[in-house]
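Have a look at the structure below before the remarks.
The values are calculated or read from the model by the stated rules, or taken from the named source; none is laboratory data. Treat the numbers as computed from the prediction; the structure is a model and nothing was measured. Here Cβ is always computed from backbone atoms with ideal geometry, including for glycine, and neighbour counts include all displayed protein chains.
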Amino acid sequence: MRRVECRRCGTVKRERLDWLADNPRYTKRFAFYVGRRCRQASIRDVAKEMRLDWETVKTLEMQYMRMQLERAGRPGPKAIGIDEVSIRKGHSYRIVVSDLERKRPIWFGGEDRSEASMAQFYAWLGAKSHGIRLAVMDMWKPFRNATLAAAPQVSILFDKFHVMRHLGEALDKVRKAEYARLSGKDRRFIKGQKYTLLSRRENLSLDGKRSLELLLAANKRLNTAYLLKESFGQLWDYRHEGWARRFFDNWRNSLKWQRLKPYERFADMIDRHWDGIAAYCRPENKVSLGFVEGLNNKIRVFQRRAYGLRDEEYLRLKVLSCMLPTL
């Protein structure tokens, strides 16, 4: 690489070559090859394969991911998914926003999961935030407040996964209450059966289904709680809000005389957030509700693969480029 003297300022500058990577010892073509390999393996494995330094591989991969984001361009989403992800111990969270129509993450940032951190996304998106028509999120008030303040035209839709998780927690409280009420040999029907109860029947093995039948036959209240949990998932199958409301009212009325206090509190919570659940009945809001949670699982894989890595910028690039086409 040549050094030339600038005629204007008199300083010596280094010649720029478009085909060189940020690390001048390597070409962009080689950097892209390293970046493609890092999509399938860890930095340490790629460094060992290429006989390169660990920091060199990381630098080349980060250049590859930045080029992916540059070619993808600034997004203009119509339907977004909002969720938080833990980056380390001590309740350290970052917000992840995804484009549900193109099925890729578009923003990773914030300092926590507060309303101010959520507002940073809409400030970054700018005028394109007025084109958003649907926002899928959990029932976290700061996310909802920040979204309606920046884009009042947005329809809020609460994620089915988080709603069913609240119902699963209610079932777990019923299970623990029944375990505390029973004594002696009767406890063997409940102890160690948490996974069996909280799982859907079709996801259980043959032995799990047999254990479930024995457990429910031994305790009527647990049987009722389990059947109510399984039936509640039908709420997202309705295409008209009126039919969905009728189903929920009937489900709530079936709680009478059952002495299931956790379920009654869950029903009150659903009633308070009904607008965000019934929004899924509209045909234009039929989006993939499992994409956001699937992305969270993918991020946790990145964190396990890069165990000990504390570079948040690297994690941000890894998340935003994980579903972009290869270069």
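Out of Val85, Val96, Val136, report the one residue that is hydrophobic (A, V, I, L, M, F, W, C) and modelled with pLDDT under 90. Outline the logic, then answer.
Numbers: Val96 fails: modelled with pLDDT under 90; Val136 fails: modelled with pLDDT under 90.
After ruling out the rest, the residue left standing is Val85.
Just a yes or no: is a residue in the range 144-154 touching a strand residue (DSSP E or B) at 6+ places or on another chain (Cβ under 9 Å) and under 24 Å from Gly233 (Cα atoms)?
Scanning the range 144-154, I find at least one residue that is touching a strand residue (DSSP E or B) at 6+ places or on another chain (Cβ under 9 Å) and under 24 Å from Gly233 (Cα atoms), so the answer is yes.
Taking the range 232-260 as the region of interest, how many residues are without any contact (Cβ under 8 Å) to a residue 40 or more places away in the chain and part of a helix (DSSP H, G or I)?
Result for the range 232-260: 14.
Which residue out of Ala123, Ala135, Ala150, Ala47 is more than 26 Å from Gln303 (Cβ to Cβ) and crowded, with 17+ Cβ neighbours inside 10 Å?
Only one candidate qualifies: Ala150.
Which numbered condition trips up Thr27, out of (1) of a type outside the set (D, E, K, R); (2) under 18 Å from Pro325 (Cβ atoms); (3) free of Cβ contacts under 8 Å to residues at least 12 places away in the same chain?
Checking Thr27 against (1) of a type outside the set (D, E, K, R); (2) under 18 Å from Pro325 (Cβ atoms); (3) free of Cβ contacts under 8 Å to residues at least 12 places away in the same chain, the one that fails is (2).
For every residue, the table says whether it meets (1) over 20 Å from Trp54 (Cα atoms); (2) assigned to a helix (DSSP H, G or I); (3) in contact with a Lys or Arg (Cβ under 7 Å, 6 or more places away or on another chain).
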position: Leu289; (1), (2), (3): yes, no, yes
position: Val292; (1), (2), (3): yes, yes, no
position: Leu295; (1), (2), (3): yes, yes, no
position: Lys298; (1), (2), (3): yes, yes, no
position: Val301; (1), (2), (3): no, yes, no
position: Leu317; (1), (2), (3): no, yes, yes
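Could you tell me whether any residue of the range 280-301 is over 21 Å from Lys160 (Cβ atoms) and not assigned by TED's automatic domain parsing to the domain that holds Asp45?
Within the range 280-301, one or more residues are over 21 Å from Lys160 (Cβ atoms) and not assigned by TED's automatic domain parsing to the domain that holds Asp45.
Look through Val163, Val96, Val85 and report the one residue that is under 28 Å from Lys261 (Cα atoms), among the β-branched types (Val, Ile, Thr) and in contact (Cβ under 8 Å) with a residue 24 or more places away in the chain.
Val163
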